[in-house]
Amino acid sequence: MVLSPHRGLPLNDIVYRTLLAVRRAPDSPWVFCKKNGERYGNIRKAFEGARKRGGITDFRFHDLRHTFASHLVMAGVDLKTVQELLGHKSFEMTLRYAHLSPDHKKTALDVLCKRMVTIWSQNSLVRS
């Protein structure tokens, strides 16, 4: 997948303020940059260094996109919006990214179960 270098992503106020707060070089146009304000040549390399220093294993830079998509879907954001935020051209690609946690699936089943109990209770009252 080739992304346009000019594709934008909207930021809410919390994200915007957080990114401003973590800037290493306030005069640099780059949020994530070297101490001297220059941009990283390879953000994945910088990510790998931070991941290793943090003791995080079995996690790739690209996993952040899957996590982003999954959290959006589990928060109730519609798949079309997730597709646009990720910059996917196809709906199928978005579906590959949007993974539901086991707890989220269980919660969905609990919703259905409560609804069915209500229906069954109403039906038993009607028959009585």
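With a length cut of 20 Å (Cα positions projected on each helix's long axis) and a Kyte-Doolittle mean of at least 1.0, go through the chain and give me the DSSP H helices that pass.
Both cut-offs are met by no helix.
Tell me, what is the percent relative contact order of the chain, built from C-alpha pairs under 8 Å that lie six or more residues apart?
13 percent
How compact and how long is the stretch 26-69, expressed as Rg and Dmax of its alpha-carbon atoms in Å?
12.3, 35
Ordered by packing density, taken as the mean number of other Cβ atoms within 10 Å over each peptide's residues, highest first, how do 94-107, 8-21 rank?
94-107, 8-21
Across the stretch 1-74, how large is the tail of the calculated P(r) beyond 21 Å, expressed as a percent of all Cα pairs?
42 percent
Given contacts defined as C-alpha pairs under 8 Å and at least six residues apart, what's the relative contact order of the stretch 7-81, whole-number percent?
Relative contact order, the stretch 7-81: 12 percent.
Coordinate-derived values only; no laboratory data. What you are looking at is a predicted structure, and each value in this text was computed from that prediction instead of being measured. Please note: Cβ atoms are built from the backbone with ideal geometry, for glycine as well, and neighbour counts cover all protein chains shown.
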